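Input: a single structure, listed below in structure tokens.
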Amino acid sequence: MTSRIAGEGRYAKLEREQRWVLDAVPAGTTNEKTITDDYLVGTRLRLRKIQSDDESIFKLCQKVRVDEGDPEWVKITNFYISFDEYNQLLLLPSSRIVKTRRDFFHIDVVYAIDQFNGRHAALILAEMELSESAQSHETPEFARSVVTRDNRYSGGWLAFASDEELLQLVE
């Protein structure tokens with residue numbers, strides 16, 4: 001019998017992201033879309049709905065950290081699901097984050113700018129994907145500080161954070 005391990009196998013992709021906190025959304029962003037993430041309680045699974053002017057995309061995702069204490073590196077497995085499957089999975093207990101994502105091109109780098117909504121509304125993050133061998137980027141001038149390795153800025157933590165914990169992030 002072969003045992004399979006979460007985050008391993010041919011469908012899991014190694015993902016490396018670098019993140020920064022911003023005070024404001026920079027001017028000149030493009031490709032606005034709304035992302036609704038539902039983190040399923042007691043799992044490493046996330047339901048995602050991506051809405052733009054012309055389409056809605058539904059995904060189920062599993063994120064497994066390479067090092068449990070470091071959110072920079074994850075093994076991610078995504079698959080697309082139907083609207084009906086999405087709605088069925090929404091019946092499971094979860095915690096939600098809604099954000100507006102925009103692309104921002106700055107000095108030959110593409111950043112995803114996430115402006116959070118609801119109880120996360122005071123938070124704005126920039127992130128970019130890095131290859132395995134790439135050097136980390138310096139903090140761009142439009143960002144306040146780097147938070148790549150701070151677990152409190154990962155989606156799973158943010159989804160379940162208390163109002164007091166969220167308030168500490170934006171003070």
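The values are calculated or read from the model by the stated rules, or taken from the named source; none is laboratory data. As the structure is a prediction and not an experimental result, all values here were calculated from the model. We place every Cβ from the backbone using ideal geometry, glycine too, and count neighbours over all the protein chains shown. Heads up: the accessible areas ignore ligands, DNA and RNA and are worked out on the full protein's heavy atoms, side chains in. Shrake-Rupley method; radii C 1.70, N 1.55, O 1.52, S 1.80 Å.
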Pairs where the first residue, in the stretch 44-63, is of a type in the set (A, V, I, L, M, F, W, C) and the second is part of a strand (DSSP E or B) and open to solvent by 60 Å² or more (accessible area, probe 1.4 Å), C-beta under 6 Å, 6+ apart: LEU60/PHE79; CYS61/ASN78
In the stretch 1-22, the residues that are assigned to a loop (DSSP other than H, G, I, E, B) and at pLDDT 95 or above: LEU22
Where a residue in the stretch 114-133 is of a type in the set (Gly, Ala, Ser) and its partner, wherever it lies, is part of a loop (DSSP other than H, G, I, E, B), with Cβ under 7 Å and at least six apart: ALA126/LEU22; ALA126/ALA143
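Taking the condition of being surrounded by fewer than 16 Cβ atoms within 10 Å (Cβ to Cβ) and out of contact with any Asp or Glu (no Cβ under 7 Å at 6 or more places or on another chain), how many residues in the stretch 118-129 meet it?
The number of residues fulfilling the criteria is 3.
In the stretch 153-168, which residues are under 28 Å from ILE107 (Cα atoms) and either open to solvent by 80 Å² or more (accessible area, probe 1.4 Å) or assigned to a helix (DSSP H, G or I) (or both)?
Matches in the stretch 153-168: TYR153, GLY155.
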The stretch 46-59 - residue that is under 22 Å from ARG119 (Cβ atoms) and either in contact with an Asp or Glu (Cβ under 9 Å, 6 or more places away or on another chain) or of a type in the set (D, E, K, R) (or both) and, of those, least open to solvent (accessible area, probe 1.4 Å): LEU47
Of all residues in the stretch 147-171 being of a type in the set (Asp, Glu) and farther than 21 Å from GLY42 by Cβ, the one that is modelled with the lowest pLDDT: GLU171
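If you check GLU85, GLU141, GLU132, which single one turns out to be open to solvent by 20 Å² or more (accessible area, probe 1.4 Å) and either within 20 Å of LEU45 (Cα to Cα) or part of a strand (DSSP E or B) (or both)?
GLU85
From the list VAL41, VAL66, VAL98, VAL110, which one is β-branched (Val, Ile, Thr) and open to solvent by less than 50 Å² (accessible area, probe 1.4 Å)?
Working: VAL41 fails: open to solvent by less than 50 Å² (accessible area, probe 1.4 Å); VAL66 fails: open to solvent by less than 50 Å² (accessible area, probe 1.4 Å); VAL110 fails: open to solvent by less than 50 Å² (accessible area, probe 1.4 Å).
Criteria check complete, one pass: VAL98.
Pick out the one residue from VAL98, VAL25 that is more than 14 Å from the chain's Cα centre (by Cα) and in contact (Cβ under 8 Å) with a residue 24 or more places away in the chain.
Working: VAL98 fails: more than 14 Å from the chain's Cα centre (by Cα).
None of the others qualify; the one that does is VAL25.
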